[in-house]
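The values are calculated or read from the model by the stated rules, or taken from the named source; none is laboratory data. Bear in mind the structure is a predicted one, so any value in this text is a computation, not a measurement. Because the Cβ atoms are built from the backbone with ideal geometry, glycine has one as well, and the counts that use them run over all protein chains shown. Protein only, heavy atoms only, side chains kept; ligands, DNA and RNA dropped before computing areas. Shrake-Rupley method; radii C 1.70, N 1.55, O 1.52, S 1.80 Å.
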Amino acid sequence: MPKTGTTALQAALHEARPQLLELGVRNVSRGRHDMRVALTAAGTLPYYWDTEPFATRWSQLSERFRSSTERCTIWSSETLTQASPERIRYLAEQLRREGHEVHVVLTVRPLAPLLASQWQEVLRRRGTEPLDTWLNRHFDAVSVDGTTHGTWTTVMPELHRLSLRRVIEQWGPVFGEDRITFVVGDPADRLFNLHVFEGLMGVPEDTLRLQDLDNASLPYPEAEMVRHFNLAYTEGGGDHATWMFTVGGPGQLALRELTGLTPYPIRTPRWAAARANEYVEGWIAAVEASDARVIGDLGNLLVDPDDYPDDTTPPETLSVASAGRIAEILFASGLEHDTSAPAPTLDGVAGKELLREVARRVRGRVRRRA
């Protein structure tokens, strides 16, 4: 699952690649995380990327997985949790190794703090909604019993994607519930996930080591400035593809360096933490009633709502130093835009998005004639 220690785990697996191979473990990913290859595999690669090179790389990766002669073969990507039921069956077909069982292992953490982290990730992808609005929309999209509401054509509702019940119901029949493992992180042990995976792969402890990574969250004031930039960009008719090739590309990497400017973390509000517990209780019951394996304590997935702030009113000010840094990052990301990047096509573009783009261009012509 996203935001559950996956970056640290993938970095450790990548750094230990030679040692793992000597120990009979093959990592089929070429880099730390081949995200766009995984998006292709999951069937969720955005329309503005040229599909052909990533389809080729996915074909090569799946072939490496199927044909591996090592005693243990692994591939890690949180993006795979976006796969639809049809795509899950496709993944099983592509990754099935003759004479070997394929196991699905998911790292999981409490839902309440994860929601605030996911909202921040949405900002890095042109999100415009305030935290409370975004939370309410996702809670409204999925009932506690797992029933989904409304039409979500391009992005899976967070409470559906993160649902352990959904994993049991959709991945279980395809791979087998007894071949699904949930690794519940230990909040007191940063090395817990690494040691668990060492055990699962059958390699000595400390083969995997924490790497020095910059993957922290933005402070709340800085996040709000990015959100308001996204809002202004969107209201001005800016298209998503250009945003992703600029702010969402080199700009996103630079924004990660802003983590130390303001000691103002983004916190899930108390009301949302309480509601998150209601969902998690049902998920825990579904896991316990299944044949899935659990490593760790499922009780760690519940939180005390009193530990979460009652007032999460978005900040309206930030330091001029932060404002200057962010403005420079946004400006530089535009300058670094690779104009040789694949031109966006209409493949996979939703009808509503096409209508919005047509309306934007009509408004632009009207303004120019005026």
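In segment 1-20, the residue that is most open to solvent (accessible area, probe 1.4 Å) out of those that are assigned to a helix (DSSP H, G or I) and out of contact with any strand residue (DSSP E or B) (no Cβ under 8 Å at 6 or more places or on another chain) is E15. Residues in segment 21-38 that are under 13 Å from V203 (Cα atoms) and open to solvent by less than 40 Å² (accessible area, probe 1.4 Å) were compared, and the one that is farthest from the chain's Cα centre (by Cα) is G24. Of all the listed residues (R87, R165, R57), the sole one being in a helix (DSSP H, G or I), modelled with pLDDT of 95 or more, within 23 Å of A273 (Cα to Cα) and not polar (S, T, N, Q) is R165. Picking from residues in segment 232-245 that are open to solvent by less than 50 Å² (accessible area, probe 1.4 Å) and not aromatic (F, W, Y), the one that is farthest from L123 (Cα to Cα) is G237.
The listed residues are T79, T44, T128, and the only one of them that is hydroxyl-bearing (S, T, Y), part of a helix (DSSP H, G or I), surrounded by 15 or more Cβ atoms within 10 Å (Cβ to Cβ) and under 22 Å from the mean Cα position of the chain (by Cα) turns out to be T79.
For segment 102-141, residues that are of a type outside the set (A, V, I, L, M), in contact with a helix residue (DSSP H, G or I) (Cβ under 6 Å, 6 or more places away or on another chain) and under 18 Å from D186 (Cα atoms) total 2. When segment 308-322 is filtered for residues that are open to solvent by 30 Å² or more (accessible area, probe 1.4 Å), in contact (Cβ under 8 Å) with a residue 24 or more places away in the chain and part of a helix (DSSP H, G or I), only A321 remains. Here E198 meets the list (1) free of Cβ contacts under 8 Å to residues at least 60 places away in the same chain; (2) under 17 Å from T7 (Cα atoms); (3) touching a helix residue (DSSP H, G or I) at 6+ places or on another chain (Cβ under 6 Å) almost entirely, failing just condition (3). Is there a residue in segment 275-282 that is open to solvent by 20 Å² or more (accessible area, probe 1.4 Å) and among the hydrophobic types (A, V, I, L, M, F, W, C)? Looking through segment 275-282, none of the residues is open to solvent by 20 Å² or more (accessible area, probe 1.4 Å) and among the hydrophobic types (A, V, I, L, M, F, W, C). Is it the case that some residue within segment 346-361 is open to solvent by 90 Å² or more (accessible area, probe 1.4 Å) and either at pLDDT 90 or above or not in a helix (DSSP H, G or I) (or both)? Within segment 346-361, one or more residues are open to solvent by 90 Å² or more (accessible area, probe 1.4 Å) and either at pLDDT 90 or above or not in a helix (DSSP H, G or I) (or both). Could you tell me how many of the residues in segment 286-297 are open to solvent by 20 Å² or more (accessible area, probe 1.4 Å), touching a residue at least 40 places away in the same chain (Cβ under 8 Å) and in a helix (DSSP H, G or I)? So the answer is 1. Please tell me if R137 is free of Cβ contacts under 8 Å to residues at least 60 places away in the same chain and over 22 Å from N230 (Cβ atoms). Against the criterion (free of Cβ contacts under 8 Å to residues at least 60 places away in the same chain and over 22 Å from N230 (Cβ atoms)), R137 does not qualify. Listed by first and then second residue, the pairs linking a residue in segment 64-90 that is farther than 12 Å from N27 by Cα to a residue that is of a type in the set (F, W, Y), with Cβ atoms under 7 Å apart and 6 or more places separating them unless they lie on different chains, are I88/W171. For segment 201-248, filtering for residues that are in a helix (DSSP H, G or I) and in contact (Cβ under 8 Å) with a residue 60 or more places away in the chain leaves 22. For R166, the criteria (1) in contact (Cβ under 8 Å) with a residue 12 or more places away in the chain; (2) over 30 Å from A12 (Cα atoms); (3) not β-branched (V, I, T) hold in every case but one, which is (2).
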